[in-house]
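Notes follow once the structure below has been shown.
Every read-out reported here was derived from the displayed coordinates using simple, explicitly stated rules and does not represent laboratory data. Every value quoted in this text rests on a predicted model; they were computed, and no experiment measured them. So basically every Cβ, Gly included, is an ideal-geometry build from the backbone, and we count neighbours across all protein chains shown.
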Amino acid sequence: MSKDAIIKVENLGKQYRLGSVGTGTLSHDINRWWQKVRGKEDPYLKIGDVNDRTSTGGSDYVWALKDVNFEVQAGEILGIIGKNGAGKSTLLKLLSRVTAPTTGMITCHGRIASLLEVGTGFHPELTGRENIYLNGAILGMTKKEIANKFDEIVDFAGCAKYIETPVKRYSSGMYVRLAFAVAAHLEPDILVVDEVLAVGDAEFQKKAIGKMKQVSEGQGRTVLFVSHNMASIQNLCNRVMVLENGTTVFRGDVASGIDFYMNANLKKSSIALVDREDRAGKKGVQFQDITIMDGKGEAIAEAFSGKPLYVDVTVKINRKLEQPIFRIMFIDTKGVIRFLCNNQFSMKSKMNLIDSGNQIIRCIIPEFPLPKGIYSVQLTCYSLEGVEDDIEAAMELTVAGGDFFNTGKEQVLKEGVLVKNTFEAL
Amino acid sequence: MNTIDKTHEYTLVIEPKTKLLDFDLKELWRYRDLLLLFVRRDFVSVYKQTIFGPLWFFIQPILTTIMFMVVFGGIAKMSTDGLPQAVFYLAGIVSWNYFAEALKTTSETFVTNAGIFGKVYFPRVITPLSIVVSKLLTFAVQFFLFLLVYFYYLWFTDATLEPNLMLLLLPVLIVITAGLALGLGLLITALTTKYRDFRFLIGFAVQLAMYATPIIYPLSEIDNEKLRFAVLANPMTSIIETFRYAFTGSGEFSWFNLGYSFVVMIVLLIVGTLSFNKVEKTFMDTV
């Protein structure tokens, strides 16, 4: 154990009870109390399933986090990544003392401020000025600290003109900017940030990330940052922790962390679609198989930039769907969606499926627009009732490259897609 | 890297086990500004976008007093201990209002503030404390109304009003009322985080309790010994009787009864704080 760990987490666990509170919980509470009176351990602590949302467990209890151990050094920006439901938010909640852990312990040397949401406690009737003070105090600042930073906050939010107007009259962008501005001027030793950056326009997000970077680099503060966005993780963090089903599966540097996370996803694509358990939706249709073909309809192993690509998806239809929507997303190894195909947008007419049985849906991409690389394909089917089936990393797609522009040159592109274009001097 | 050693002796340990009494007064003091800002928010936001502002706090006690004068004074012809009806009723209503409003609002602390509590940490007890203080401001406004009416009767009519030294007890009365409301409110809000059954009770329990307090009748009118005992068991009884006695010289004052209210307040505060402490750390999971 290193000496200057600013946060130390040991055997941390958090158990939740599933279902609603009612007479059933009362009997458990009475039982728990009775065991306690007799000096015994809580009988429900021993049970509980691993937090895997896709399978239905036998127990009413679930461990959102179990046996999590890690340390954070002062000045470190730790990124926490993981799929939805991996336990990221629960971890943040425990760190920010919104709720207490079931087992284990966290030791922090310094003041923690948490930003699980921007604008917590904003009151719509109060003016911008009043809300800056209120929100600042909720986040743990004293009135004096806020007064010292007041001009800076207003300046950062860029709303000096509206400062005496009730925030209910603010545009949503202005509201978020003001809220973030207050939070950004907090001066805790440890800052815990959830995906609050997902709000606001691109320019503001950039400003927000810049501010966080400045806070940690310039002032040596420790930041814990949870995000789905691999780009901002890469941009901001210097260490990464990957959570899966409530436990830590990776700790280390950013590049390998992101690789680990994306690979964990890709690994799943080696399992046949029929057997995949990690799917969501109402099961009106279920994806069975996915293959790619060239323009002649012959199966291929790798796609080529600029050449036609057919994506054939076999679906099993369990229930007649009125207006099925199929979506195929192409995601790169940083988790960024490069492009997607959706028949709702690209086709005028509705798609007609058979009533039941297996059917092949073919998506034709005349000029495949991605450069050389490895991508992950996500399949989703919607109906009027919502998501019917959804599989992340349904297949790993290797693009071998190719001469997209027919110029004989190698195309290098780290972001976005290839689009045909010409230039001329006028 | 080496800054943490010298600058932050502050160490925080987050653990599952809640101690029976785990009250960090130092931390509470650090958040004093938040308490004041909450008070300001609660008081100010009520009358934003109104022209009369805090004057609206007059309306409720005035209308209630008129109602009581018509129904209980006029129709039922109940005694007011020889006092002008307006003074008699208003004295009771103003003090009772403070207790009732503070109790009702504090008892819903966890449920109404779940949004904030779920996102950020601050000592939870700040919220009920701020409610008790902001309701005190409302009380101050309504008390001012009472004074207007009182001085009108004192100077411009020949009503027998005899203000006396017991007026010095006024701050004590207010503190006991606040303590009673806070203690009971903390207890109820702690009980309702998981099982909300009590919430249904509190609304009309407060309403019914008003009739068990000498607001529309003087304590001296109760002849039945058992009934009298029951009404005196209500800790608010001696508060309101003392309040009235201090301003008018009529009513019942006894150190014993006031002492009883004080003891009840202490007990409620202890029980309330303990139960609040027990649930505050994990209530987010069940609320």
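Computed FRET efficiency, Cβ-Cβ of B:Leu165 and B:Phe256, R0 25 Å: what is it to the nearest 0.05?
0.85
Per-residue HN-Hα couplings for segment B:270-281, Karplus 6.51 cos²θ - 1.76 cosθ + 1.60 at θ = phi - 60°, whole Hz, x for Gly and Pro?
Rounded to whole hertz, the list is 5, 4, x, 5, 4, 6, 4, 4, 5, 9, 4, 7.
Among A:Lys149/B:Lys194; A:Lys83/A:Lys348; A:Lys211/A:Lys334, which pairs are too far apart, with a Cα-Cα distance over 29 Å?
With Cα atoms farther than 29 Å apart: A:Lys149/B:Lys194; A:Lys83/A:Lys348.
If each residue of separation counts as 0.36 nm, what is the full-extension length gain between A:Glu322 and A:Thr142 once their alpha-carbon separation is subtracted?
59.0 nm
How far is it, in nm, from the label point at A:Arg251 to the one at B:Gln207 when both lie 7 Å from their Cα along the line to the Cβ?
For A:Arg251 paired with B:Gln207, the spin-label model returns 5.8 nm.
Check A:Leu65: other-chain or 5+ apart residues with amide H under 5 Å from its amide H, H built from backbone geometry?
A:Lys14
Residues of B:36-43, mean number of Cβ from any other protein chain within 10 Å of their own Cβ, rounded to a whole number?
So the per-residue partner count for this stretch is 4.
Relative contact order (percent) for chain A, with alpha-carbon contacts under 8 angstrom and 6 or more residues of separation?
Reported as a whole number, the value is 14 percent.
Express as a percent, rounded to the nearest 5, the fraction of DSSP beta bridges in the protein assembly as shown (both residues included) that run antiparallel.
Taking every DSSP beta bridge within the protein assembly as shown, about 75 percent pair in antiparallel fashion.
Just to be sure I understand: with springs between alpha-carbon atoms less than 10 Å apart, which residue in B:Val70, B:Val87, B:Val13 has the highest mean-square fluctuation in the Gaussian network model of chain B?
Among B:Val70, B:Val87, B:Val13, the largest GNM mean-square fluctuation belongs to B:Val13.
Taking amide H atoms as placed 1.01 Å from N in the peptide plane, list the residues 5 or more away in sequence, or in a different chain, whose amide H sits under 5 Å from that of A:Thr248.
Under 5 Å from the amide H of A:Thr248: A:Asn69.
What size of dipole, in debye to the nearest 20, comes out for chain A about its Cα centre when the only charges are +1 on Lys and Arg C-beta atoms and -1 on Asp and Glu C-beta atoms?
It comes to approximately 760 debye.
Amide H neighbours of A:Ile6 under 5 Å, at least 5 residues apart or on other chains, H built in the peptide plane: list them.
A:Val72, A:Gln73, A:Ala74
Apply the Karplus parameterisation 6.51 cos²θ - 1.76 cosθ + 1.60, with θ equal to phi minus 60°, to every residue of segment A:73-79 and state each ³J(HN,Hα) to the nearest whole Hz, in sequence, with x for glycine and proline.
Karplus values, whole Hz, x for Gly and Pro: 8, 4, x, 7, 10, 9, x.
Please list, in order along segment A:283-298, the HN-Hα scalar couplings obtained from phi with the Karplus expression 6.51 cos²θ - 1.76 cosθ + 1.60 (θ = phi - 60°), rounded to whole Hz, x for Gly and Pro.
Rounded to whole hertz, the list is 6, x, 10, 9, 5, 10, 7, 9, 9, 10, 9, 7, x, 8, x, 9.
Please compute the contact order of chain B in relative form: average sequence separation of alpha-carbon pairs under 8 Å and at least six residues apart, divided by the residue count, as a percent.
Result for chain B is 27 percent.
What order, most packed first, do the peptides B:250-259, B:176-185 have when packing is the mean number of other Cβ atoms within 10 Å of each residue?
The densest-packed peptide leads the list: B:176-185, B:250-259.
Between rounded, prolate and oblate, where does chain A land on the alpha carbon gyration tensor, with a ≥ b ≥ c its root eigenvalues, rounded for a/c under 1.5, else prolate if a/b exceeds b/c?
oblate
Longest segment of chain B with no trypsin sites (Lys or Arg not before Pro) in a DSSP loop having at most 15 other Cβ atoms within 10 Å?
That would be B:78-195.
If you rank A:Lys211, A:Lys168, A:Lys149 by fewest surrounding Cβ atoms within 10 Å, what's the result?
A:Lys168, A:Lys211, A:Lys149
Can you tell me the relative contact order of segment A:129-217? Whole percent, Cα pairs under 8 Å, sequence separation 6 or more.
29
Calculate the spin-label point distance for B:Ile59 paired with A:Glu164, positioning each point 7 Å from the Cα along the beta-carbon direction, and give it in nanometres.
In this crude label model, A:Glu164 to B:Ile59 measures out at 2.7 nm.
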